[in-house]
């Protein structure tokens with residue numbers, strides 16, 4: 001991110017405590033003008049967002065769009081390990097409300113639903129709506145999810161590089177885990193070297209399948 005943009009930007013994390021549940025949020029305020037944003041929009045807009053921006057005709061609307069995307073992404077990156085704004089996609093919902101899409105979070109949602117489907121031993125043979133995620137909480141180094149229709153379970157998810165690991169367990173049980181230690185171990189775990197082809201006794205470049 002261009003330091004010239006950050007010089008005119010203020011952002012800070014927010015915490016909302018509701019009973020025993022803690023929610024996290026972010027606040028961002030910026031005085032950047034259209035000229036500065038227009039000169040640096042490739043630093044924080046995806047290609048799809050750039051196309052949307054190019055379709056806007058009036059300067060006031062252009063400024064509102066760029067400033068809104070910029071501040072929203074700066075707030076979100078306060079809680080993401082990958083603090084690159086171009087990994088986030090902000091779209092408009094049915095009522096023009098902003099909806100955030102992230103490749104990492106889309107993968108997380110998929111792994112959480114897949115883990116639940118294995119726990120209840122149905123796979124994806126049931127409608128996906130039954131596996132819908134109800135509540136998501138961002139913790140210090142992992143994400144905790146609960147389900148709308150299977151409230152007796154919850155999920156713990158964390159990312160390692162471009163991979164996401166999700167573990168579903170009974171909500172009333174205590175899962176002893178250290179996501180940071182697991183992530184470090186997975187990152188440092190060495191990969192075995194490809195072995196020779198047993199048939200021809202020649203080196204092979206086949207992919208390895210580790211179970």
Within the range 145-159, take every residue that is within 13 Å of the chain's Cα centre (by Cα) and farther than 11 Å from residue 109 by Cα and give me the one that is modelled with the highest pLDDT.
158
Could you tell me whether the range 184-203 includes any residue that is modelled with pLDDT of 70 or more, surrounded by 13 or more Cβ atoms within 10 Å (Cβ to Cβ) and either part of a helix (DSSP H, G or I) or in contact with a helix residue (DSSP H, G or I) (Cβ under 8 Å, 6 or more places away or on another chain) (or both)?
yes
Kindly indicate whether any position in the range 71-89 is part of a strand (DSSP E or B) and without any contact (Cβ under 8 Å) to a residue 24 or more places away in the chain.
no
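The values are calculated or read from the model by the stated rules, or taken from the named source; none is laboratory data. Note that the coordinates shown come from a computational prediction; the quantities given were computed from them, not determined experimentally. Virtual Cβ from ideal backbone geometry, glycine too; neighbours counted across all protein chains shown.
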